[in-house]
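**Student:** Could you have a look at this structure, given as structure tokens, before my questions?
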Amino acid sequence: MKRKNWILFFGTGSIIIMISVQLFITGGDWKQKNEMFDLRYQTLSQEAMVQLDKQRNTDGFDTAMYLVNNYADTVMKRDIYKIKNEIDLTTLKKEVFSDIGKILFLEQDLSQYLSNYFERRGFEKDFNFQIVINYLQLIDFDTRLDIYASPEFNRSKLSKSSSAAYSPKKIKSRILVNRFFREDNYYRLSFDYYIDFSGKQKIVLRDMAASLLMSAFSIIVVVIIFMITYRNLMEEKRLSNLKTDFINNMTHELKTPLSTITVAGKTLEMEQIRADDAKIMETAKLIGKQSIHLNQLINLILEISMWERTQFQLDKKHVEIDDLMHDIVESFKTGCGNCASITQKYNLKGTKADIDMVYFTTMINNLLTNAVKYSLKEPEINIEGYKDKEKIYIKVADNGIGIDRSDQKHIFDKFYRVSHGNIHKIKGLGLGLYYVKRIAESHGGDVSVSSRPGKGSIFTVTIPYK
Ligand code: ADP
């Protein structure tokens, strides 16, 4: 696997592990908070029951128990004697179980009391409650009717919230408030009283909001840091690739004049050449020309490293832009032997800006050189100059090969060259547009490009003026 992929693999892996750990911790926290919630309300309920007992000497089921006793009395005195067989008995048991459940559910005062108590103490007052009968025995002098909470009878678990109060309702996390044992003349009864908060999850979630936000925040921060680091790493790699390309290009550029000079030197050593003055002159000129080229290349490299360390030292003058532009274009045309047809249109009469003429000329020359260099047909260049309230705009449009959208954002980078497939013979070091940008910026302006591959490119330089 490539280094880039390894980094991505480990980075993503670590983030996934971190998120899993966070989820694990949050899960544990959630469970703990739920348990604490239950414990809190269990303690509160028990406190409430102690108070109820102290203040009113009741457990909230007195009326219910009185009614149960009467009900049991009726059953034992009357209904039990109507039973003829096993089936009758089972039916009666079911009926008794369900009726007593209803009485307990409807006639108790505990729920209301608990709700009031919770509210007074500033806690949640809305809850559902459930009564589960564990064991019920109706008794008379000589008869006993035992009813246990068999699965069949579970139907009478009671819940205040359900519309069908007598349908069994699965409640995940009910809180046992108390287990009651009561007996009177005609019954013995054991039942549990539960409460359950339907809004519990919301409350626990609210409790955990801060820690949830913190962990979400820390995950986001880590992901962002990873992304930034990864991007920087890739950028570094890109730059180092660019540098390698540059060194290769530079070596190539330096080698060409150097080998010409070497060959010329060898030529001069030949006897038949030394006899021919014209040949000697020609070779000497060639050496001179190549030396100048070599010198220019070396100066270019020296300049770059100087530009890196220091800001441009501009020698600004207040000059009329359209005059200067005409001069630059004319000498470019002459210099390149009328290599392109160039049209110029300036709406800048009398507009002056503070510029360093040498750098400005280099900037425009670089744009013109590229317009010629990156054209496969007869180059046509249109230059336009206009202004708004603050800036002068100089547009250099060509009919060249154009630049891919993906390359457009990089072409102003140092050493960046577009790989042109079969036309990679076009020489260059990837510095021309980097200079253009640096020069424009050092004048307080900027440069931008718009281009369509195959159609041409438009470079727009802006320079502020007063
Ligand atoms: P160089 O010309 O030395 O490669 P530049 O910095 O001048 O370096 O240009 C960077 C890249 O931008 C070039 O490699 C070229 O692909 C592209 N480019 C610049 N100007 C033009 C243009 N007028 N038309 C098409 N491509 C261009």
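**Student:** Just report the Cα centroid separation between the range 263-323 and the range 72-102, whole Å.
**Tutor:** So the separation of the two Cα centres works out to 120 Å.
**Student:** Moving on. About the Cα centre of the chain, what is the dipole size in debye to 20, counting +1 per Lys and Arg Cβ and -1 per Asp and Glu Cβ, all else neutral?
**Tutor:** Using Cβ point charges on Lys, Arg, Asp and Glu, the chain gives about 680 debye.
**Student:** Could I ask something else about it? When every alpha-carbon pair in the chain is counted, what percent end up more than 31 Å apart?
**Tutor:** Result for the distance tail: 68 percent.
**Student:** Would you please give the FRET efficiency between Val50 and Ala216, computed as 1/(1 + (r/R0)^6) with r the Cβ-Cβ distance and R0 = 51 Å, to the nearest 0.05?
**Tutor:** The formula returns an efficiency of 0.75 here.
**Student:** Anything over 30 Å Cα to Cα? Flag those among Lys33/Lys102; Lys285/Lys345; Lys289/Lys316; Lys243/Lys285; Lys54/Lys102; Lys333/Lys455, in the order listed.
**Tutor:** Beyond 30 Å between Cα atoms: Lys33/Lys102; Lys285/Lys345; Lys289/Lys316; Lys243/Lys285.
**Student:** Then there is this: Just to verify a number: FRET efficiency for Thr310 and Thr229, C-beta to C-beta distance, R0 = 25 Å, to 0.05?
**Tutor:** Rounded to the nearest 0.05, the efficiency is 0.25.
**Student:** Follow-up question, since we're still on this one. What nm value, rounded to one decimal, do you get for the distance between Ile83 and Thr334 when each label is placed 7 Å out toward the C-beta?
**Tutor:** Using points 7 Å along Cα→Cβ, the separation is 12.9 nm.
**Student:** As I understand it, the dipole of the chain uses +1 on the Cβ of Lys and Arg and -1 on the Cβ of Asp and Glu, about the Cα centre. Which of Gly402, Phe9, Ser450 lies farthest toward its positive end?
**Tutor:** Result: Gly402, furthest along the dipole toward the positive end.
**Student:** Label the range 30-115 by shape, choosing from rounded, prolate and oblate, from the square roots a ≥ b ≥ c of the eigenvalues of the Cα gyration tensor; if a/c is under 1.5 it is rounded, and otherwise prolate applies when a/b is larger than b/c, oblate when it is not.
**Tutor:** oblate
**Student:** Mind putting a number on the dipole of the range 211-309 about its Cα centre? Charges go on the C-beta only, +1 for Lys and Arg and -1 for Asp and Glu, and I need it in Debye to the nearest 20.
**Tutor:** Working: 11 positive and 11 negative charges, 52 e Å.
Here the size comes out at about 260 debye.
**Student:** Accessible area per residue of the range 211-309 at 1.4 Å probe, in Å²?
**Tutor:** Numbers: 7210 Å² over 99 residues.
Heavy-atom accessible area per residue stands at 73 Å².
**Student:** Can you find, among Asn248, Asn128, Ile321, the residue farthest towards the positive end of the dipole of the chain? Put +1 on the C-beta of Lys and Arg, -1 on that of Asp and Glu.
**Tutor:** Asn248
**Student:** Of Asn178, Thr43, Ile80, which is farthest on the positive side of the dipole of the range 2-207, counting Cα position, with +1 on Lys and Arg Cβ, -1 on Asp and Glu Cβ, and the Cα centre as origin?
**Tutor:** With unit charges placed on the Cβ atoms, the residue in question is Thr43.
**Student:** Moving on to the next point. Given 0.36 nm per residue, what is the gain on full extension from Asp99 to Ile203 after removing their alpha carbon distance, in nm?
**Tutor:** Working it through step by step, the gained length comes to 33.9 nm.
**Student:** Under a cut-off of 13 Å between alpha-carbon atoms, report the aspartates and glutamates in cross-link reach of Lys200, not counting same-chain residues fewer than 8 places apart.
**Tutor:** Qualifying aspartates and glutamates at Cα under 13 Å: Glu35, Asp38, Glu124, Asp126.
**Student:** Another question, if that's okay. Where nothing but the Cβ of Lys and Arg (+1) and of Asp and Glu (-1) is charged, how large is the charge dipole of the range 316-464 around its Cα centre, in debye to the nearest 20?
**Tutor:** 380 debye
**Student:** Extending each Cα 7 Å along its Cβ direction at Asn116 and Ile7, get the distance between those two points in nm, one decimal.
**Tutor:** 7.0 nm
**Student:** For the chain, which whole-number percentage of the solvent-accessible area (1.4 Å probe, protein heavy atoms only) is attributable to carbon and sulfur atoms?
**Tutor:** Working: 15640 of 27750 Å².
Carbon and sulfur: 56 percent of the exposed surface of the chain.
**Student:** With every protein chain left in place, what is the accessible area per residue of the range 316-464 in square angstrom, probe 1.4 Å?
**Tutor:** In whole numbers, the range 316-464 has 49 Å² accessible per residue.
**Student:** Report the extension gain between Ile25 and Lys345 in nm, rounded to one decimal, defined as 0.36 nm multiplied by the number of residues separating them, less their alpha carbon distance.
**Tutor:** Values: separation 320, 0.36 × 320 = 115.20 nm, distance 7.00 nm.
Length gained, Ile25 through Lys345: 108.2 nm.
The values are calculated or read from the model by the stated rules, or taken from the named source; none is laboratory data. Just so it is clear, the structure is predicted and the values come from calculations on it, not from any experiment. Note that we place each Cβ from the backbone using ideal geometry, even for glycine, and neighbour counts take in every protein chain shown. Protein only, heavy atoms only, side chains kept; ligands, DNA and RNA dropped before computing areas. Shrake-Rupley method; radii C 1.70, N 1.55, O 1.52, S 1.80 Å.
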